[in-house]
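Participant: I'd like to ask some things about the structure below.
The values are calculated or read from the model by the stated rules, or taken from the named source; none is laboratory data. Since we're looking at a predicted model, the values are computed, not measured. Note that we place each Cβ from the backbone using ideal geometry, even for glycine, and neighbour counts take in every protein chain shown.
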Amino acid sequence: MAAPLTRAALARPVLEVAADLLGCHVVHATPDGAVVVRLTEVEAYAGPGDPGSHAARGRTPRTAVMFGPPGHLYVYRSYGLHWCANVVCGPDRTASAVLLRGGEVVAGGALARARRPTAREDRDLARGPARLTVALGLDGASDGHDLLAGTSPWLLGRRPGDEVHAGRVRRGPRTGVSGEGGDGTRFPWRLHLEGEPSVSPYRRAAPRRPRGRGGPAGEGAGGEGAASGRLERPPAPGGPPGRRLS
């Protein structure tokens, strides 16, 4: 059984927390059983100084949970299609968060597959941020849940022996984040475990479209697609709907 992480462990700088989350387990306990995902891919998003973060423009009703305390879920919908889940971290009011980009279902595979019946292989059950949220039963109602509270249906923890050797951690640009926040030299903040089949493929951001009256396009906790980066391109006018999960 995974032991919950401590609040202090998540109150450190976002890149330290992101690296430590690799190998950790997210557990969703339900009356039908539990689904457990071992994290293999994450992305870090800092506060107002990070141009790729939802918090870059300051506190809003949508991003309020990002400002702490650490250990809570920040969940939002990407382009109106899919949910993305992040772990709030860093000292209180710094608005840092780590996007849960992918993982391996290590327990509760039957329940995860019932939630993700289109998954071609087991490695695809939680491979990518939208698939991960479905496998773990996360949606907008999960926003703000405390991952460290014993009363929460979702738990973030680590089992003895889950520690990951630093040599297995690879870093690169954040997936689908446009503009400065997607600069892999300045922000090599996508972290994943080398050789893990459940790591999602890297995708560059789509070219930015002119900004309309609706305001600036979202950036990656993280963007309209990721505290994250962008997960899906928005459908073109008259075009097909967003890419189906499989």
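Participant: Look through region 139-158, keep the residues that are in contact with a Cys (Cβ under 9 Å, 6 or more places away or on another chain) and closer than 16 Å to Ala29 by Cβ, and return whichever of them is surrounded by the most Cβ atoms within 10 Å (Cβ to Cβ).
Facilitator: Leu156
Participant: Does region 6-20 include one or more residues that are closer than 23 Å to Arg171 by Cα, modelled with pLDDT under 95 and part of a loop (DSSP other than H, G, I, E, B)?
Facilitator: no
Participant: Exactly one of (1) at pLDDT 90 or above; (2) under 24 Å from Arg77 (Cα atoms); (3) surrounded by 13 or more Cβ atoms within 10 Å (Cβ to Cβ) is unmet by Arg170. Its number?
Facilitator: Result: Arg170 fails condition (2) only.
Participant: Right, next: Hey, could you check region 45-87 for residues that are among the hydroxyl-bearing types (Ser, Thr, Tyr) and either over 14 Å from the mean Cα position of the chain (by Cα) or surrounded by fewer than 23 Cβ atoms within 10 Å (Cβ to Cβ) (or both) and say which is modelled with the lowest pLDDT? Talk me through it step by step, then tell me what you get.
Facilitator: Start the filter on region 45-87 by keeping residues that are among the hydroxyl-bearing types (Ser, Thr, Tyr), which leaves 45, 53, 60, 63, 74, 76, 78-79.
Remaining after also requiring either over 14 Å from the mean Cα position of the chain (by Cα) or surrounded by fewer than 23 Cβ atoms within 10 Å (Cβ to Cβ) (or both): 60, 63, 79.
On the way: Thr60: 90, Thr63: 91, Tyr79: 80.
Step by step, filter region 45-87, then rank; the result is Tyr79.
Participant: Go through the residues of region 137-150 one by one and say whether even a single one is part of a loop (DSSP other than H, G, I, E, B), within 28 Å of Thr6 (Cα to Cα) and at pLDDT below 95. Even if it seems obvious, please write down each step before you answer.
Facilitator: Of the residues in region 137-150, the ones part of a loop (DSSP other than H, G, I, E, B) are 137-139, 143-145, 147-150.
Still in the running and within 28 Å of Thr6 (Cα to Cα): 137-139, 143-145, 147-150.
Checking the rest, the ones that are also at pLDDT below 95 come to 149-150.
Within region 137-150, one or more residues are part of a loop (DSSP other than H, G, I, E, B), within 28 Å of Thr6 (Cα to Cα) and at pLDDT below 95.
Participant: Among the numbered conditions (1) closer than 28 Å to Asp124 by Cα; (2) part of a loop (DSSP other than H, G, I, E, B), tell me where Pro69 comes up short.
Facilitator: Exception for Pro69: condition (1).
Participant: Now, a different point. Return the residues of region 118-133 that are over 18 Å from Leu81 (Cβ atoms) and surrounded by fewer than 22 Cβ atoms within 10 Å (Cβ to Cβ); say none if nothing qualifies.
Facilitator: The first filter runs over region 118-133 and keeps only residues over 18 Å from Leu81 (Cβ atoms), leaving 120-123, 125.
If the condition is that a residue be over 18 Å from Leu81 (Cβ atoms) and surrounded by fewer than 22 Cβ atoms within 10 Å (Cβ to Cβ), then Arg120, Glu121, Asp122, Arg123 are the ones that fit.
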